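A short worksheet on the structure shown next.
The values are calculated or read from the model by the stated rules, or taken from the named source; none is laboratory data. Here the structure is a predicted model, which means the values were calculated and not measured. Please note: Cβ atoms are built from the backbone with ideal geometry, for glycine as well, and neighbour counts cover all protein chains shown. The accessibility values were calculated without ligands, DNA or RNA, using every heavy atom of the protein model including side chains. Shrake-Rupley method; radii C 1.70, N 1.55, O 1.52, S 1.80 Å.
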Amino acid sequence: MGNPKQKWTAEEEEALRAGVAKYGKGNWKLIQRDTELSPFLFARSNIDLKDKWRNLSGGPGGHGSREKSRSSKPKPKPSTDGPQSSVVVKQTALPKPLIDDSSKSFTPNRYNEMIIEAVSALKEPNGSDHRAIVGYIEQRQEVPLSFKKQLCSRLKRLVALEKLEKVHNRYKIRKDGTFGTKTPTPKQKGMRPKKFRNTGRITCDAVKEASATAAYLIVEAENKSFLAAEAVKEAERVSKMAEDTDSLLQLAKEILKTCSQGEIVLVE
């Protein structure tokens with residue numbers, strides 16, 4: 001049996017809506033390949049996107065059709081029998097869906113600040129692991145539903161930007177304490193910054209940012225490649241089990257046929 005489906009997060013639903021608005025309904029592959037949307041939808045298949053969009057748009061079998069049927073019920077009319085009296089009909093409003101608004105305040109910079117604060121406060125000599133960082137933040141913040149997933153990606157990003165150092169699945173602040181930036185030398189402190197003309201050359205900071213982004217993309221690609229390899233192994237294992245089951249079934253049929261003819265079958 002496969003892994004149980006994970007509940008859709010608010011970020012995934014927003015990414016799906018943005019993809020349909022950009023590429024149109026039914027273009028699920030284009031939505032998954034979009035560079036801005038793929039970080040949120042890479043764990044979902046085309047069928048998952050199709051089913052989720054049917055639920056969001058109120059198609060057949062979705063929640064929208066049930067809400068529509070509720071709202072279309074006729075309102076009760078006051079009775080006309082007997083003396084006329086003022087009748088107040090209370091209209092019960094449909095419950096609004098719960099939306100996790102806490103994720104809006106958790107920007108990438110906010111994640112970076114919380115991670116640096118957690119690692120600095122824990123002060124573990126060998127660094128803090130992912131579980132310790134999550135526990136520290138959850139004790140002090142009301143985190144959104146997709147908190148752990150986003151925190152994992154931000155940890156990789158900080159390592160790629162050389163703001164954190166990862167050793168044996170533990171994270172700690174760089175020993176130089178510069179958080180990925182160079183400290184000025186004593187001679188440079190008293191010097192006034194020179195004004196450079198815009199000659200169209202690529203600056204050193206831009207090169208560092210590009211290399212850090214490339215390193216992050218390589219890590220993500222390796223992770224996806226590992227998941228794909230595991231999926232192939234699982235498929236091969238299931239295929240082997242199916243072949244063994246077919247062989248046993250064929251053997252059982254032959255034994256049954258032989259026994260029905262009155263012959264004795266010896267099983268070694």
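Going by the conditions given, is LYS90 of a type in the set (Lys, Arg), open to solvent by 70 Å² or more (accessible area, probe 1.4 Å) and modelled with pLDDT under 85? Yes, satisfied. Restricting attention to the stretch 110-120, the residues that are open to solvent by 20 Å² or more (accessible area, probe 1.4 Å) and at pLDDT 85 or above total 5. Checking each residue in the stretch 105-145 for being touching a residue at least 24 places away in the same chain (Cβ under 8 Å) and out of contact with any strand residue (DSSP E or B) (no Cβ under 9 Å at 6 or more places or on another chain) picks out PHE106, PRO108, TYR111, ASN112, MET114, GLN141, GLU142, VAL143, PRO144, LEU145.
All of ARG201, ARG192, ARG197, ARG174 fail the test of being charged (D, E, K, R), open to solvent by less than 90 Å² (accessible area, probe 1.4 Å), over 28 Å from TRP8 (Cα atoms) and at pLDDT below 85, apart from ARG174. Note on the stretch 33-59: residues that are buried (at least 17 other Cβ atoms within 10 Å of the Cβ), part of a helix (DSSP H, G or I) and touching a Leu at 6+ places or on another chain (Cβ under 9 Å) total 6.
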